[in-house]
Amino acid sequence: MANVTLASNLANDTRRFGRVALVHEWLVTYAGSEKVVEQILQLFPQADLYSVVDFFPESQRRVLGGRHATTSFIQHLPRARKSFRTYLPLMPLAIEQFDLSSYDLVISSSHAVAKGVLTGPNQVHVSYVHSPIRYAWDLQHQYLCEAGLQRGMKSWIVRALLHYMRIWDQRTAHGVDAFVANSAFVGRRIRKAYGSEATVVYPPVDVERFELGEQHEEFYLIASRMVPYKRIPLIVEAFAAMPARRLVVIGDGADFARVKACATPNVTLLGYQPDEVLVDYMQRARAFVVAAEEDFGISVVEAQACGTPVIALGRGGSREIVVDSPDPERGTGLFFSEQSVESIVDAVERFERQPPLKAEVCRRNAMRFTEERFKQEFLNVVERAMDADKVHADTPPLVRRWHSA
């Protein structure tokens, strides 16, 4: 029944929602937030696409329906293709220059500035928030530490910039009619940063492309971008303390040299691998290990779709995916409490002592996060926002003031 309703909504997109604009921060790679953009564009095939910069690989542009985004002036600044993030101080100005006044519905896909587009009282703005700007809000001090910016003039310049970003970010929250969070964890961040409630709609995961692997081998797996907050070196250090247990690491990035420096003979570094290799290792791994405080955790769902248990930090979005239970009919993994070598070692030892978790239970758990479920739930939020706006517009001003009082 849901699929029939969804097909009907898609067929009547233009008539029901008017002109639609979709605004995304930047289009440079096909990752988690771009998968959300892909699904929203399938829901609203007539939508026009806007982005601060668009350097999306032409070989993958089919996921955007072949679209090229309308871009900002940052697209044409020196070294923008490789260093667009250095223009972050200009992005609030850039995003405000998009003229969206002719659209009835504006959807923003935001993890930095996209939600700051300017909209009027006769427009509905629905913002899917992957996270408020993490390095400007609760993770500012962690970001400064990782960047070596705790002291000195450069540190104070960056702190002043982040202060300005927080003021702008909070002010622009008033232009959003409905917030959508990609997890309850991010929903709490939205409430802290913006003082607004958000509806949780988990991101879409293409679970159908993963086949159930029921023959698990004696190795643990990490597959991730090697950036500081992922804490890949920490996991490698933990397995260095467990020489009898094998770890396979897939991925590359800024932290690769640190990971390589602490790797021991029981740790295999494969670097970047194509999708089919990654899936093969996910299907065969004894468990998938995550030490990051994730906003959601798409790779965690993908591992579960392969029938693989997950050992994860018990904070952030992973808590909403993994079921930590010794009951083999419910459990899909377990949590550790701290980002420390000792805590990871303890979790692996507990995992090996407990009865084996069932691959089919892990797979069933992952089916909560399908693309069709995302489309239907997100569409429900948009419809409610449009209906609420219509009721508000049809209510006489004196009645509105009385209700507000």
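Computed values, structure above
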{"item": "Set of lysines with alpha-carbon distance to residue 358 below 28 Å, sequence-local pairs under 8 removed", "result": "230"}
{"item": "Cα long-axis angle, helix 371-394 against the chain (0 to 90 degrees, to the nearest 10)", "result": "30"}
{"item": "At R0 = 56 Å, FRET efficiency that the Cβ-Cβ distance of residue 55 and residue 191 yields, to 0.05", "result": "0.95"}
{"item": "Over the stretch 64-115, volume per residue of the alpha carbon convex hull, in Å³", "result": "112"}
{"item": "Cα-Cα separations in the stretch 29-186 greater than 18 Å, expressed as whole percent", "result": "63"}
{"item": "GNM top mover of 257, 305, 244 - the chain, alpha-carbon springs below 10 Å", "result": "244"}
{"item": "Value at 222 nm in deg cm²/dmol, rounded to 500, when DSSP H runs of n ≥ 4 in the chain each add -39,500 (n - 2.57)", "result": "-12000 deg cm²/dmol"}
{"item": "Difference of contour (0.36 nm per residue) and Cα-Cα distance, residue 99 to residue 122", "result": "6.8 nm"}
{"item": "Cut-off 12 Å, label 7 Å out along Cα→Cβ of residue 171, residues of the stretch 87-103 by amide N", "result": "92-93"}
{"item": "Largest-first ellipsoid semi-axes for the chain, taking √(5λ) over the Cα gyration tensor eigenvalues, angstrom", "result": "38, 26, 20"}
{"item": "Longest to shortest principal axis, alpha-carbon extents of the stretch 84-171, angstrom", "result": "47, 22, 21"}
{"item": "Cα long-axis angle, helix 153-172 against the chain (0 to 90 degrees, to the nearest 10)", "result": "50"}
{"item": "With at most 15 neighbouring Cβ atoms within 10 Å, loop GluC sites (Glu not before Pro) (DSSP) excluded, longest segment of the chain", "result": "1-196"}
{"item": "For the stretch 337-379, projected area of the alpha-carbon convex hull averaged over all directions, nm²", "result": "4.8"}
{"item": "Computed lengthening from residue 373 to residue 208, 0.36 nm per intervening residue step minus Cα-Cα distance", "result": "58.1 nm"}
{"item": "Peptides ranked, highest mean first, by Cβ atoms within 10 Å: ranges 80-93, 148-161", "result": "80-93, 148-161"}
{"item": "Computed FRET value (nearest 0.05) for residue 244 with residue 82, which takes r as the C-beta separation and R₀ as 41 Å", "result": "0.45"}
{"item": "Label-point separation in nm, residue 262 to residue 151, each point 7 Å along Cα→Cβ", "result": "2.4"}
{"item": "Simple spin-label estimate for residue 315 and residue 217 in nanometres, 7 Å along Cα-Cβ", "result": "3.4"}
{"item": "The stretch 207-368: radius of gyration over Cα atoms, expressed as a fraction of 2.2 N^0.38 Å", "result": "0.93"}
{"item": "Pairs from 192/260; 115/375; 82/115; 82/375 whose Cα-Cα separation, in the structure shown, is over 26 Å", "result": "192/260; 82/375"}
{"item": "Estimated inter-spin distance, residue 90 and residue 275, nm [label 7 Å along Cα→Cβ]", "result": "3.4"}
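A short reminder: the numbers here are calculations on the coordinates, not readings from a lab. Just so you know, these numbers come straight off a predicted model, no measurement behind them. Positions of Cβ are backbone-derived with ideal geometry, glycine not excepted, and every protein chain shown enters the neighbour counts.
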